[in-house]
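Please read the structure below before turning to the comments.
The values are calculated or read from the model by the stated rules, or taken from the named source; none is laboratory data. None of the values given here were measured: they were computed from a predicted structure. Every residue, glycine among them, receives a Cβ derived from its backbone with ideal geometry; neighbour counts consider all protein chains shown. To get the accessible areas, we keep the full protein, side chains included, count just its heavy atoms, and leave off ligands, DNA and RNA. Shrake-Rupley method; radii C 1.70, N 1.55, O 1.52, S 1.80 Å.
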Amino acid sequence: MAVPPNPPDTAADRLDRMLDRLESHNNRFDRLRRTFPSFKKIVLVLFLALISWYATYTGMLELITANTGEVPVMQQIAIGFAVATLMLMVLYILDSLFAPISWWLRILYIGGYIFLTLISVGFGFGFFWKVLESRAEATRSAEAAIGQVQQALEQGKTRIAQLGATLDSLTTISAEKAVTEREQGGTCPNSPPGDGPRRRLRDSDAERFAFTSDFIKARSGTIQKDLDSLNADLAKVLSRDPSTLDPNTGTRNQFMRGLNRKLDLTITRFNALKTDPQLAEQRDMLAQRADKTSFDTGSGGTFACPDPQLQSALRGVVRAIDSLPVIEKTDIAAVEGSEAVVEAFRRLTTTLIGALHFELPPSPDELRDRQRQAIQRAENPQEVTAVANEQAGLGSRDYIPLFVAIFVDFCLLLVSINRPINRFQKLLHTVRDAREGPVGEILARFHDSHQEGLAREFEVFQHAVFDFMGDYYVAVPLNAQSMEALYLTNLFVGLEGKGIIDRAMLPPPAMVRRKLRQQGSKFADATAFRLYRFRDGAWSKLVLDSILGTASGRRAEGVQPESDVAEEEAERPSPANENVRNGNGRSLAERLEEAANDAHREDSNGPEEPRDDEGEPPLRALPGPMNGNGRRPPDA
């Protein structure tokens, strides 16, 4: 069989195919454009969560390392897993926080989000402070500490040099006066020339002054060596010399600690000069010489040789020795590596505690300035000690890493807030829940039950049950002669004491009649009622169980359609006093009596009751009078 040839392509066919391809490309582009916002949000959440996770994980790991040393690999994995769980919890709370939920659950989510965010921001601040500020802070700390000690040492060296110069001058003056006394005399009042006790006094003063000057100059040379060594180390720190880096950790903590020890030794050596026993002895000798004007001749006599110029100079030397400064210890902060996280937490907690007491602590720069000023004054050692013991809070440069840590979590919050901008989002969730929920089926069962006869069964309760102040009550008429009133009396007598109803004294009869009259009850004109109150949820549960049990029973038993049931009930007589049966063959009264455990059913061993023509026992009241006291009336 010959295949017919394909018709040749025309220009119109080719144009149609090109238009179809363009439309297909446009459709794909539209789908991509609609998907792009969601894809962009996912990418943003993913990258922000990764940044926050890495910052929190590194900060927590560095804090543990600073306290315990090197952390094993398995513990590092456990820490990473714990931080990942924390971040997933933050994402879950953010996802649920802006969903349609109840107010109390939203409050719980807000509290949980704040708590987890504080943890994330705290450790993130430690990480970012380590990266951005730790090395610069270590350099500033070393520069400030060495600078303060250098200033104190220079001040002490200047005073010691002045002492040495003064003592050298006194040595020269004493030697010259010794020569004058030997050759001319007159250095003391009425002293003749010669080689006597006055010349020996001048030589003794020159020797003593020379010894003290040499002693102080030797100590001054030690101070100068310390200053030169500190200057060399400070130059290495400021220039970031590679020799200051630890090859194992890549930080300068080890060098800073060594520099801190060297600084302590320098301060200790300088402070030891003031308390040195030799210097103290020389000081006492100079003080005695300054106050002494009468001297022993060596042969049992004395001579007077006051020298105001010498005495004034010696008193100045004594004051200079007494005023030598005492340098307080200053620490160099080794805050690189894992120590940086510890320092960041210390500053953050100090600032938070100060804010709670409405008194912010000084910044590190302010504290260093106060320490430098206290050391320069050096008149009050207690002030220097008090300033040195203060704790610094956050500085102006410390807020940068803090804001970075807050910004990452704030961006996560902003991305999550973007969801409820659509005002119909909550409505969409509501419609989906209503479509997929059981409310429609429940209403269908309500409709089926009421259409199939349960409405007539509930009619008698609608005449007796009413609502008062949030509770359901049932008013059983005592003087009504209708079968409905008798039915209610028997039913609720059987339910007494079964945890479903309780006798009630309120509301008063007038209020009861008013309530019944408002709802169009046939019992509104009754003169007396027995009042019951349903326990919480009892009446609604009985109604719901009866209605839903009706529909489910009919479906389980395969009852015939509603129209056939209606025709059969139209042909069958329904006496007014007969309990209307529901779809599962049990009336509401029977279901209530079964819930009450058949408390007032007659004894099965008693005489057989008479039955009517249809084989059913006649409806009668429960044994006992109408008040339900359970006693039979006396025989007539």
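The sole residue among A280, A287, A272 that is closer than 30 Å to L234 by Cβ and either free of Cβ contacts under 8 Å to residues at least 12 places away in the same chain or surrounded by 15 or more Cβ atoms within 10 Å (Cβ to Cβ) (or both) is A272. In summary, A165 fulfils each of the numbered conditions (1) aliphatic (A, V, I, L, M); (2) within 47 Å of the chain's Cα centre (by Cα); (3) surrounded by fewer than 19 Cβ atoms within 10 Å (Cβ to Cβ) with the single exception of condition (2).
Is segment 130-142 home to any residue that is assigned to a loop (DSSP other than H, G, I, E, B), in contact with a helix residue (DSSP H, G or I) (Cβ under 9 Å, 6 or more places away or on another chain), open to solvent by less than 30 Å² (accessible area, probe 1.4 Å) and farther than 30 Å from R199 by Cβ?
Quick first cut of segment 130-142, residues assigned to a loop (DSSP other than H, G, I, E, B) only: 133.
Within this subset, residues satisfying the condition of being in contact with a helix residue (DSSP H, G or I) (Cβ under 9 Å, 6 or more places away or on another chain) are 133.
The next check asks that each one be open to solvent by less than 30 Å² (accessible area, probe 1.4 Å); those that pass are 133.
Now restrict to residues that are farther than 30 Å from R199 by Cβ: 133.
Yes, segment 130-142 has at least one match.
Go through the residues of segment 481-496 one by one and say whether even a single one is buried (at least 21 other Cβ atoms within 10 Å of the Cβ), part of a strand (DSSP E or B) and of a type in the set (A, V, I, L, M, F, W, C). No, segment 481-496 has no match at all.
Give segment 163-194 a look and list any residue that's over 30 Å from P325 (Cβ atoms), among the hydroxyl-bearing types (S, T, Y) and part of a helix (DSSP H, G or I), or say none. T180 - this is the single residue of segment 163-194 that is over 30 Å from P325 (Cβ atoms), among the hydroxyl-bearing types (S, T, Y) and part of a helix (DSSP H, G or I).
Condition first: β-branched (V, I, T) and part of a helix (DSSP H, G or I). Can you find one or more residues in segment 91-103 that meet it? Before you say what the answer is, go through the steps one by one.
Initial filter on segment 91-103 (β-branched (V, I, T)): 93, 101.
Now drop any that are not part of a helix (DSSP H, G or I), which leaves 93.
Within segment 91-103, one or more residues are β-branched (V, I, T) and part of a helix (DSSP H, G or I).
Helices (runs of 4 or more DSSP H) fully within segment 195-311 that include at least 3 residues being small (G, A, S): 197-239, 277-291. Beta carbons closer than 6 Å, at least 6 apart along the sequence or on distinct chains, pair a first residue in segment 189-209 that is on the phi < 0 side of the Ramachandran plot with a second that is β-branched (V, I, T) and not in a helix (DSSP H, G or I) for P197/T297. Within segment 312-366, the set of residues being in a helix (DSSP H, G or I), small (G, A, S), in contact with an Asp or Glu (Cβ under 9 Å, 6 or more places away or on another chain) and surrounded by fewer than 21 Cβ atoms within 10 Å (Cβ to Cβ) is empty. The residue list K225, K217 contains one member that is among the basic types (K, R), over 26 Å from D296 (Cα atoms), open to solvent by 80 Å² or more (accessible area, probe 1.4 Å) and within 54 Å of the chain's Cα centre (by Cα), which is K225. Residues in segment 274-297 that are modelled with pLDDT of 80 or more and basic (K, R): R283, R289, K292.
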